Amino acid sequence: MSKPHCARASDLPTISAIAARIHPDLPERPEVLAEKMRLCPDGCRVLAADEEIVGYGFAHPWTQRRIPALDDFLERLPDDADCLYLHDIAVLPRSRGGVARAYVAAIEQLARASGLAALALVSVYGTRPLWEGFCFRPVTADAELSAKLASYGERRDLHAPRPHCGVTSLPRSWLTRA
Ligand SMILES: CC(C)(COP(=O)(O)OP(=O)(O)OC[C@H]1O[C@@H](n2cnc3c(N)ncnc32)[C@H](O)[C@@H]1OP(=O)(O)O)[C@@H](O)C(=O)NCCC(=O)NCCS
């Protein structure tokens with residue numbers, strides 16, 4: 001597996017195909033992914049094995065506790081960004097193993113270089129133990145954040161048969177790492 005490198009516009013069809021395969025119940029339009037690549041090219045990487053794209057990771061500056069809606073445009077990055085938000089990482093099953101670790105290392109470097117003191121993400125598919133292994137910690141949800149997480153979940157549940165991919169669902173969690 002080569003080091004994650006910045007996604008190019010020409011990679012978008014492959015990225016979208018992988019997204020559709022890994023996230024059949026959380027579809028996002030290619031143009032929504034393209035916007036993230038435009039707004040934060042350094043955060044949007046492809047993961048390649050033998051020259052073939054086998055996964056991607058998308059991240060962009062954001063504001064903690066403001067959960068971006070899935071499949072919607074960001075329009076612009078916030079002026080008061082205080083975290084690098086990991087929107088998604090997905091890798092084809094045959095190429096897993098060490099990929100999330102490499103991508104988190106890459107965006108951690110990017111966050112530091114950008115003066116962003118925290119990484120943040122919403123954990124889905126029961127991946128909370130994975131993120132906790134990378135030192136992410138759950139944020140205590142106040143009423144406002146709980147409502148946002150619930151709506152994120154409802155949106156997902158509208159499309160998702162359970163259990164998803166054989167993984168027992170945990171509640172969606174908002175995790176941050178300073
Ligand atoms: C999540 C995903 C990108 C991880 O990729 P990966 O290459 O397997 O990740 P890594 O091997 O770098 O993971 C690092 C560690 O976490 C562990 N891990 C991986 N997936 C895990 C999971 N779902 N739950 C708990 N631990 C997990 C790995 O075993 C590894 O531990 P080790 O270093 O002690 O061996 C990949 O499984 C995937 O594409 N899943 C489907 C999409 C998804 O869930 N995305 C995240 C949404 S928040």
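FYI, it's all coordinate maths here, none of it is from the lab. What you see is a predicted model, and the numbers here were worked out from it, not measured in a lab. Don't worry about glycine lacking a Cβ; one is built from the backbone with ideal geometry, like all the others, and counts go over all protein chains shown.
Pull up all non-local amide H partners of GLN64: gap of 5 or more, or a different chain, and H-to-H distance under 5 Å with H placed in the peptide plane.
For GLN64, the qualifying residues are ASP82, CYS83.
Return HIS60, HIS87 ranked ascending by Cβ neighbour count within 10 Å, so the fewest neighbours appear first.
HIS87, HIS60
Find, among the trypsin sites (Lys or Arg not before Pro) in segment 1-56, those assigned to loop by DSSP (not H, G, I, E, B) with at most 13 other beta-carbon atoms within 10 angstrom.
Of the trypsin sites (Lys or Arg not before Pro), the ones in loops of segment 1-56 whose Cβ has at most 13 other Cβ atoms within 10 Å are ARG8.
Could you give me the ³J(HN,Hα) list for segment 57-67, computed from phi with Karplus coefficients 6.51, -1.76, 1.60 and θ = phi - 60°, whole Hz, x at Gly and Pro?
Whole-Hz 3J(HN,Hα) from phi for segment 57-67: x, 10, 9, 7, x, 7, 10, 4, 6, 9, 8.
Counting other Cβ atoms within 10 Å, keep those with at most 13, restrict to DSSP loop, and tell me which GluC sites (Glu not before Pro) in segment 1-101 are left.
GLU51, GLU75
Counting only residues 5 or more places away or on other chains, whose amide H sits under 5 Å from the amide H of HIS87 once H atoms are built in the peptide plane?
Residues meeting the criterion, in which the H sits 1.01 Å from N, are PHE58, ALA59, HIS60.
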